[in-house]
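Participant: Before I ask anything, let me first share the structure, which is written out below as structure tokens.
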Amino acid sequence: MKVEIWSDFMCPFCYIGKRRFESALEQFPHKNQVEVVYRSFELDPNASYKPGVSMDELLAAKYGMSVEQAKAANANVTQQAAGVGLTYHMDRVIPANSFDAHRLVHFAAQHGKMKDMTERLFRAYFTDAENLEDKNLLADLAAEVGLEQEQAMAVLESDAFQSEVRADEAAATNLGIRGVPFFVLGGKYAVSGAQPLEVFTDALDKAYREANPLVMVNESDSNDGMCADGSCDLPGSAK
């Protein structure tokens with residue numbers, strides 16, 4: 001069963017949702033039969049690194065609130081992140097464009113490192129407060145997860161994997177996805193947002209059962225040899 005996750009590295013709820021989903025998947029009895037694929041999504045394709053502009057100031061300007069209100073909102077997100085074992089430094093986070101980071105994930109996918117690269121990029125942004133628009137940094141992060149640094153830099157300095165990112169975004173548009181995180185399980189069930197663990201647990205169960213329905217091997221209507229409703233069908237007993 002495939003689970004596709006659309007997310008953006010600039011989205012604090014995407015990292016939180018990722019952790020909650022991972023916790024649900026870890027408890028799922030059929031976890032070894034689940035393939036997780038990360039899909040690209042840009043919350044703001046026109047975003048760019050602006051030296052000296054904090055996340056608090058950016059949030060205040062975007063939503064028409066005071067800087068103090070933005071700080072309170074970021075503190076709330078930080079608390080939610082801590083609840084799933086993540087450390088956020090929203091006061092030091094560097095707003096930037098995420099397109100190259102998404103391209104890097106597609107490069108990593110070719111080498112079996114999609115999950116590792118995705119996790120490292122989220123940690124770099126929210127915990128380490130790194131600038132994900134810095135190609136040198138991205139190449140270093142690629143090396144950290146076991147990719148060839150020079151190859152990663154060559155990818156970042158080219159237009160490689162642009163079409164893959166755009167294809168993910170086009171798929172999101174076709175599905176009507178307007179916000180992230182967004183999870184599609186088994187091609188049929190969807191979960192929007194960083195939902196509680198039990199929501200993901202229920203979605204995994206439903207999607208798996210849909211993809212793996214039980215098939216009866218006996219076509220008889222007989223219930224011989226079955227116990228139910230507090231009684232058993234015993235040989236010779238009245239039906």
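Participant: Give, rounded to the nearest 20 debye, the magnitude of the charge dipole that the range 32-139 has about its Cα centre when Lys and Arg contribute +1 at Cβ and Asp and Glu contribute -1 at Cβ.
Facilitator: 200 debye
Participant: As a test of the formula, what do you get for the chain when each DSSP H run with n ≥ 4 contributes -39,500 (n - 2.57) and the sum is divided by the residue count, at 222 nm and rounded to the nearest 500 deg cm²/dmol?
Facilitator: Rounded to the nearest 500, it is -14500 deg cm²/dmol.
Participant: If I require 15 Å or longer along the helix axis, counting alpha carbons, and a Kyte-Doolittle average no lower than -0.5, what helices from the chain are left? Use full DSSP H segments.
Facilitator: 67-82, 99-109, 197-211
Participant: Of Lys31/Lys62; Lys18/Lys188; Lys62/Lys206, which pairs sit farther than 29 Å apart, going by alpha carbon to alpha carbon?
Facilitator: Exceeds cut-off: Lys31/Lys62; Lys62/Lys206.
Participant: Once a ≥ b ≥ c are taken as the square roots of the eigenvalues of the Cα gyration tensor of the range 2-211, is the result rounded (a/c under 1.5), prolate (a/b larger than b/c) or oblate (a/b not larger than b/c)?
Facilitator: Here the range 2-211 falls in the oblate category.
Participant: Compute the separation of the alpha-carbon centres of the range 103-143 and the range 186-208 and state it in Å as a whole number.
Facilitator: Rounded to whole Å, the Cα centres lie 26 Å apart.
Participant: Arranged from highest to lowest average of other beta-carbon atoms within 10 Å per residue, in what order do the peptides 33-43, 101-111 appear?
Facilitator: 101-111, 33-43
Participant: May I pose another question? Answer with one residue from Ala109, Tyr49, Val217: the one whose Cα lies farthest towards the positive end of the charge dipole of the chain, charges on Cβ with Lys, Arg +1 and Asp, Glu -1.
Facilitator: In the chain, that residue is Tyr49.
Participant: Another question about this same structure. Of the heavy-atom accessible surface of the chain (probe 1.4 angstrom), what whole percent is carbon and sulfur?
Facilitator: Exposed carbon and sulfur together represent 49 percent of the surface.
The values are calculated or read from the model by the stated rules, or taken from the named source; none is laboratory data. Because the structure is a prediction, the values reported are computed rather than measured. Cβ: placed from backbone, ideal geometry, glycine included. Neighbour counts: every protein chain shown. For accessibility, only protein heavy atoms count, side chains too; no ligands or nucleic acids. Shrake-Rupley method; radii C 1.70, N 1.55, O 1.52, S 1.80 Å.
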